[in-house]
Amino acid sequence: MAAPWTVVTAGREADLEVLAVQGRRITRDLRALETGLAGSQAFDLLAVQAQNLARSRGEIIGLTVWDAAGWPLSWGGQPYAAPPQEVPAEPVSRSLSLDAGGTVLRIWTPFANGGALLLESRSLTAPAMGSVQDSFASGSPPGRAGATLFIQLAALLGLALLLIRLARRRWGPGPFSLLVLSAGVWVLRTWLANLMYSGALLDAGALSSPAVYASQAPFGLFRSPLATLLTGLALALQAVLIVRASRHPQVAGAWRWLISLAGGAGVMGALLICARAGLDSRLDLAGLARESPSVERLAVLMGLVLTLWAPALLLLTSLFRWQRGRPLLRAALALPLLSALLFTFLARTTEEARQELVMENLRPLLVHQDADRQQALTETRDLLQSREGIARELATALADGTGDALAFHLWRTSELARQGYHSSLEIYDGAGSLAGSFSLAMPPPIPGLAGEVAILEPMPLEHLVFSTLSQEQAVMSSRWPVNDTENHITGVLALYIANDEGNIPALSTTAEPLPWTTVGADTRRLLRGPPLLTARDTEGTVLWSSQAEPAPLQAGMQSRIDIQKGIWQDSFNHGHRVRLFYFAQGDIIYALGYPLDSWVRLLAGLLRFVLMQTICLLLLAAVAYLLLHPLAGLRREAVLLVNWFRSSWGRKLAAAVLLASLAPLLSLALLLRAPLERQRREGLHALGLQSLEVARRVVKDSMVAIGGDPSPPMPSDETLYWLSRVIRQEIDLFVDQQLVATSRRGLFTAGIVSPLPDAEAYRRIVLEGKQISLPSPSSLPAVPPAVSAALGRSGHGAAMLRLPFSRQEEAVAQSGEEVRERADLATAAVALLLLAAAILVGRTTAGRLQRLTHATARLAAGGEDFLVPLSGQDELSRLTRSFNDMATTLSRQRADLHRRTETLENLVRHAPIGIVHLDAQDDILMLNPAAKRIMAGGEHAEAGRKILQALQRSPYKRGLSALIASPRTHPASTLTRDLEPDAGHDTRLRAILVDLPDERGDRLLLLEDITESVRSSRLEAWADMARRIAHEIKNPLTPIKLAAEHLRRVHQRQDPDFSSTVERTVATILTQVEGLREIASSFSHYARLPEKKTQLLSPGELLAETLAPYGSSLGPRVRLEVDIAPSLPLVRVDPALIKRAIVNLIENALQAMPAGGELRVRASTDEARETILMEIRDTGMGMDEKTLARVFEPYFSTRDSGTGLGMAIARRTVQEHGGSLEVTSAPGKGTSFIISLPAAGENS
């Protein structure tokens, strides 16, 4: 068979080099196979490699291993090359232009021991002769056009959003900014559209073609898919700008009414545009057929949905005042509804377009079919007769034996090829022998014209009838001789065209791929398949039908048909609804129509349409949001969304129920796809096997040996052609690797179908000895599925019959598609039910919980209406009952607590003692009126202020500040001080600082006016002191009296020993008088301390001087430990008085440790370094609480000796220096005295 390519092209060196590398790699893998180049492993390897290359390159790949003699050993994919005359011994790479359309890259990679691997990478292109409309009819796949669309959207969005940000910064959100931004958006839209149309920015291709979609809207806003998308996007941006501007105070009142009117008018206009979308488009906008969505279709649909959404946003915003919330987010929820509305319009207008197509386009084709075929044949004949150099081309082909290639080349350039008519072109040499032919769905050529060439003249059109196997084929033909320059007959050309209802290209049911024509593609796409056509006579007998079993003609239909208008009728055909248009033409009644979409397909299409549109537009909105907001804003919105989700238990419950239900549902839906696909393949295989068995039996019968001939003749193309018309299926017959007969010889000649048998079928039947080979699911998508069967072996070799699926596959695919759509709808319906159930369960449960939450809030707020009604007996009901019981108990307790709180507040409010509640930072939390009154000058004392700030003008500032700054010795400690006021005040104050036993570190400051108590206590103390002094004086007076009386008696007796007696009695009197003097001195010292002579001293030096005499006099049983912090602040004190007080404390400590112990003396400062702390601690006997309470009372002592004034004098000395003396003790644990003295300031 001659090669179908004619021209060697250049410019693809890079692709050739890449494929050459792949070829060398595959040859290395082939050489490593154990079964050789013709075994099963080689077929498997080539199949896998061809599949991988096809997926990576997006082209048709063929791999063939040829031996040195040009015989194929193994192959994979779709090889198209004919057996080469000579297999090259060196690597060869070529780029060839195919006469059938497209290019092929051919890489020869030779083996070392002879033979070579041929790698073919083929790409088909649209026909050069086709119209622009035809080339754009099916839309562009998502490739370069998708990138162009993405760049357009990104450019318009980016520029528009940049303009919005700049305008906001410059003019704000007012009316002027709205006008500027609106003008900018539409200028950008127009500018970008003009750039795309002119190709200055990018080649938009079909996106800018009015042939794909063009609306009659004014100003050309919807004149193409690109214009529709840009207009929809501009309208959406315009609506967003108006909504945002409507929040401005200047845009109110009449402006909002104008927005409402604009929104309503825009909705009406958008509805009108969408209502005609199906009529204005050559695309299947509704998308009811399962096919890959083209970029043009996506552009049109997104533009239309945005066109609907923009005025709807304005209308809803103005009517429902959505501008107060999140209008864009809420309006986004309308996208599914708008998509469903658009789908309804498209489905209706698509149905109108289908009926219009049948009546206005297809009906005239049937009426004028004979004239159209005759005109096409005449134009082709005239074209070939006037072709320059045809005699030379014919002579060359006859000399080279390339008549088939020339026949295809001449036919390919004719009107017959462009229209896709079933026709053929035959070439005869000067002797009348057949030299070459090409036929498309036509009977095989006449073997020869012997005896007719010499008398052959150009003939007018001739009507012929070919028949065999009870089948007839009416044809029109034209034959004419081709003369050279000397008027000698070089050869004869013969044209044939089928002359029946099946040969109308727009109505053709042929499924073979014809890359040079797209006639009928629009019809098949709009009708979602080939049209249904049946021709009957007036009696109702079927004359011709495109279906094996056409829909029956209803009774009385002949009498109801209007010859001029026709009639529409819905009927059923094999369980499927069809819509047929009946009309009469002469004595023939035609039924022309299409299958109707079932409710399953409509609902499935609606579901796919809404999901696709919603996802695309939400992605577009997400891109716009990312461009308009920084990542921080996006992160903030995400956090808000997550918090919104987490804030409701009902939402979380609904989501959990939905996820738990959808996961197994979707898994089940995915698992069901495999059985459904297997069922589809089994149905397809069953139909194929039916036709295969018929063809196999007929072909076997034709191969029966006659007269014992071991090599019976093989069936011819003619036999298989007529057999294919009987079984309505194409047939190919192979012997070993060679095609010996076929019912579609023209497709092999054109290089559209591979001349080699299917690699998988060949391996199974010839190499593995199986009888039947069915296509596997893993076959290449570009490889047409076929069923093959073995015919046995004869003298010719191993015969194999192949029946490619076409019409059977389409019928089974439609049935399987409906099953899948039912499964998808069931999945979607169950998913929606689960969603509704999840929302219902979530809302019901959340509603009951919300009632509990509201009741809890009312209970917490002190309300009375907190009981929750009971419903049911489930866990929530029991929880509600428990809540009601708890709430009732709490209510009673709250009433009781309220009464107690009122009582306590009254007590605190009217208490004569001042009460101040302080936190750990000494902030006032609460104080009563008595505290304000007692702290004279503390008018700034109020809750929330620092206590030290409140005491700025208080006469007790110094004493209270020292008390508050005192360190805590242990938790829940209590410090008590009696405070003297500053000069000018005579009120005495007792302050008690109590550490509260809590973790917060709060304290309670109690203030008591003890002026009267002190005065009374002082009188009592003086009275008690007088009694004690009298008692003390009485004791020495008795011996004085007795000594005086004794002296008088001795004197009266004139005792000779009078002088000695006088000496003794006088000594006694003097001793007692000295005791009286000591008593008087102690009392005088306590009553009035000597005048202080203060000076700045270091606390460390003061203690060191005081402790110096004890360094060597304590003895071994008492251990002295001194700890003086370094760098202590100075103090202003009278050293003699302070030393006397410290010595008094040390002496008491030593007397408390008669058996020895440890005496610790420590000096430190507080955290603010405002108070010096001196601690004298012993490990002696300690004191009980009763003794501890009286330790500072004058004349109180636990010893027999002493006056009991030492502790009182020490405390008074410290207080006179502005400090305090505190004591802590416990029996058996020792005693600790702490002297607190204020540190001298920097200016002291």
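Among the residues making up region 715-731, those that are in contact (Cβ under 8 Å) with a residue 60 or more places away in the chain, at negative phi and in a loop (DSSP other than H, G, I, E, B) are Ser716, Gln729, Glu730, Ile731.
A single entry from Pro79, Pro83 fulfils the requirement of being assigned to a loop (DSSP other than H, G, I, E, B), buried (at least 22 other Cβ atoms within 10 Å of the Cβ) and not acidic (Asp, Glu): Pro79. Of the residues making up region 40-76, those that are assigned to a loop (DSSP other than H, G, I, E, B), in contact (Cβ under 8 Å) with a residue 60 or more places away in the chain and more than 17 Å from Leu19 (Cα to Cα) number 1. Restricting attention to region 999-1017, the residues that are among the charged types (D, E, K, R) and over 21 Å from Val908 (Cα atoms) total 4.
Rundown of residues vs (1) at pLDDT 80 or above; (2) in contact with a Cys (Cβ under 6 Å, 6 or more places away or on another chain); (3) in a helix (DSSP H, G or I); (4) among the small types (Gly, Ala, Ser), yes/no style:
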{"residue": "Ala506", "(1), (2), (3), (4)": "no, no, yes, yes"}
{"residue": "Pro513", "(1), (2), (3), (4)": "no, no, no, no"}
{"residue": "Thr523", "(1), (2), (3), (4)": "no, no, yes, no"}
{"residue": "Glu539", "(1), (2), (3), (4)": "yes, no, no, no"}
{"residue": "Gln547", "(1), (2), (3), (4)": "no, no, no, no"}
{"residue": "Asp562", "(1), (2), (3), (4)": "no, no, no, no"}
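Ile26: more than 16 Å from Leu756 (Cβ to Cβ) and modelled with pLDDT of 85 or more, yes or no? For Ile26, the condition - more than 16 Å from Leu756 (Cβ to Cβ) and modelled with pLDDT of 85 or more - is met.
Report yes if Gln78 is farther than 19 Å from Gln41 by Cβ, more than 48 Å from the chain's Cα centre (by Cα) and among the polar types (S, T, N, Q), otherwise no.
Working: farther than 19 Å from Gln41 by Cβ: yes; more than 48 Å from the chain's Cα centre (by Cα): no; among the polar types (S, T, N, Q): yes.
Criteria not met by Gln78.
For beta carbons closer than 9 Å, sequence separation of 6+ or different chains, a first residue in region 1049-1063 that is part of a loop (DSSP other than H, G, I, E, B) and a second that is not charged (D, E, K, R), the qualifying pairs are Asp1055/Thr1061; Asp1057/Val1050.
In this structure, Ala1141 does satisfy being modelled with pLDDT under 90 and within 11 Å of Leu1237 (Cβ to Cβ).
Just a yes or no: is a residue in region 1115-1129 more than 22 Å from Ser1225 (Cβ to Cβ), assigned to a strand (DSSP E or B) and not assigned by TED's automatic domain parsing to the domain that holds Ala965? Walk me through it before giving the result.
Let us first name the residues in region 1115-1129 that are more than 22 Å from Ser1225 (Cβ to Cβ), namely 1115-1116, 1124-1129.
Going one step further and asking which of them are assigned to a strand (DSSP E or B), we end up with 1124.
Add one more test, that the residue is not assigned by TED's automatic domain parsing to the domain that holds Ala965, and what stays is 1124.
Yes; the residues of region 1115-1129 include at least one that is more than 22 Å from Ser1225 (Cβ to Cβ), assigned to a strand (DSSP E or B) and not assigned by TED's automatic domain parsing to the domain that holds Ala965.
The residue of region 1064-1093 that is farthest from Glu1045 (Cα to Cα), among those that are at pLDDT below 75 and outside any helix (DSSP H, G or I), is Lys1092. Considering every residue within region 366-376, establish whether at least one is among the aliphatic types (A, V, I, L, M), surrounded by fewer than 21 Cβ atoms within 10 Å (Cβ to Cβ) and under 30 Å from Ile615 (Cβ atoms). No, region 366-376 contains no residue that is among the aliphatic types (A, V, I, L, M), surrounded by fewer than 21 Cβ atoms within 10 Å (Cβ to Cβ) and under 30 Å from Ile615 (Cβ atoms). Among the residues here, Asp885 qualifies as more than 28 Å from Ala656 (Cα to Cα) and surrounded by fewer than 15 Cβ atoms within 10 Å (Cβ to Cβ).
To keep it simple, each residue is scored yes or no on (1) closer than 24 Å to Leu606 by Cα; (2) at pLDDT 75 or above.
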position	(1), (2)
Ala299	yes, yes
Leu306	yes, yes
Arg326	no, no
Ala332	yes, no
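Looking only at region 1153-1194, residues that are crowded, with 19+ Cβ neighbours inside 10 Å, in a loop (DSSP other than H, G, I, E, B) and of a type outside the set (A, V, I, L, M) come to 3 in all.
Consider region 1194-1244 and keep the residues that are at pLDDT 85 or above and touching a Pro at 6+ places or on another chain (Cβ under 7 Å). The one that is farthest from Thr1179 (Cα to Cα) is Ala1239.
The values are calculated or read from the model by the stated rules, or taken from the named source; none is laboratory data. Given the structure is predicted, the values throughout are model-derived calculations rather than measurements. Every residue, glycine as well, gets a Cβ built from its backbone with ideal geometry; the counts of neighbours run over all protein chains shown.
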